[in-house]
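The values are calculated or read from the model by the stated rules, or taken from the named source; none is laboratory data. Keep in mind the model is a prediction, meaning the values are calculated, not measured. All Cβ positions, even for glycine, are placed from backbone atoms using ideal geometry, and neighbour counts span all protein chains on display. Side chains included, ligands, DNA and RNA excluded: accessible areas come from the protein's heavy atoms. Shrake-Rupley method; radii C 1.70, N 1.55, O 1.52, S 1.80 Å.
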Amino acid sequence: MLLPIYQVDAFTDRPFAGNPAAVCPLESWLPAEIMQAIAAENNLAETAFFVPKGGNEYELRWFTPAVEVELCGHATLASAHVLYNHLGFSEAEIIFHSRSGPLRVSQAGEGRLTLDFPARPPKPLAIHPNGLLDGLRATPLQMLAGPDLVCLFSTEAEVRAIQPDMAHLAKVEYRAVIVTAPGSGGVDFVSRFFGPRVGVPEDPVTGSAHTTLVPYWAERLNKTTFHARQVSPRGGDLWCELRGDRVLMSGHAVTYLRGEIEVPLG
């Protein structure tokens, strides 16, 4: 079977930056083990697969090289980019049905796409989880627990300087560890995302992390709109808004690759 495949750099307006995701449009679902094998072969943080439901609605799933995940922002942005730019989709909004509920994507100004995701506020955590300090090789000022563990630092420089020990960090019993601090130069906050437990040592730009970061920074900074930057080596920018129990995240995307893959079945 020949399947179309696209590789898109998400949350950036230039190639070779942001977070690369593979996108495979399907007519119907493949067996999960085949999709997992494709994701492992791609060896990107996530590979997205979507199937049409009719009209502007699609079912969407995401796989890291190791596991299927519940929510992924950059591969959702990449999927919407493929629909709008390569598959002739022209409606104002896409509705992706996922394990995390309906996710809406619309076109924004300045060439951006806007994701509408559920907010996932974190709660304070008093005890350092096993493996955290040895894994980060740095001590956070504060920790908060959501779907991921959030570690707060005082400066952007501290966040940029972290060189984690992934073997120890993989022992932390959360999907991933996020480090964050106030930003500078018009950026409200910065972050990095480490997910060795799910096969992603450092994710370049992580939309799903901002469903937790935005509610935290909204309370801390007493505002609801933000320019956020993920300061991984590739880097990327998100324009975010907390709107009730939803987080809106806007960003650019750039196509890097278009092709076909040969998938053995049976």
Worksheet entry | Unique residue being in the same structural domain as residue 143 (by the TED database) and either within 18 Å of residue 146 (Cα to Cα) or aromatic (Phe, Trp, Tyr) (or both) when the list is 201, 233, 196 | 196
Item to complete: Could you check, for segment 214-227, whether at least one of its residues is touching a Cys at 6+ places or on another chain (Cβ under 7 Å) and touching a residue at least 24 places away in the same chain (Cβ under 8 Å)?
Response: yes
Practice prompt. Return yes or no: is residue 109 open to solvent by less than 40 Å² (accessible area, probe 1.4 Å) and among the small types (Gly, Ala, Ser)?
Written response: no
Worksheet item: Are any of the residues in segment 158-178 assigned to a strand (DSSP E or B) and either without any contact (Cβ under 8 Å) to a residue 40 or more places away in the chain or aromatic (Phe, Trp, Tyr) (or both)?
Response: yes
Item to complete: Considering every residue within segment 124-145, establish whether at least one is among the acidic types (Asp, Glu), in contact (Cβ under 8 Å) with a residue 40 or more places away in the chain, more than 18 Å from residue 215 (Cβ to Cβ) and open to solvent by 10 Å² or more (accessible area, probe 1.4 Å).
Response: no
Discussion item. Within segment 70-84, does at least one residue satisfy the condition of being of a type in the set (D, E, K, R) and at pLDDT 95 or above?
Written reply: no
Worksheet entry | Within segment 108-144, tally of residues that are in a strand (DSSP E or B) and farther than 30 Å from residue 83 by Cα | 6
Worksheet item: Is there a residue being open to solvent by less than 30 Å² (accessible area, probe 1.4 Å) and under 19 Å from residue 117 (Cα atoms) anywhere in segment 163-183?
Response: yes
Worksheet item: Within the bounds of segment 46-55, is there any residue that is open to solvent by less than 40 Å² (accessible area, probe 1.4 Å), farther than 14 Å from residue 97 by Cα and either assigned by the TED database to the domain that holds residue 208 or under 19 Å from the mean Cα position of the chain (by Cα) (or both)?
Response: yes
Worksheet item: Do we find that residue 215 is modelled with pLDDT of 95 or more, open to solvent by 10 Å² or more (accessible area, probe 1.4 Å) and either outside the structural domain of residue 101 (by the TED database) or not small (Gly, Ala, Ser) (or both) in this structure?
Response: yes
Item to complete: Go through segment 238-258 and count every residue that is over 14 Å from residue 78 (Cβ atoms) and open to solvent by 30 Å² or more (accessible area, probe 1.4 Å).
Response: 7
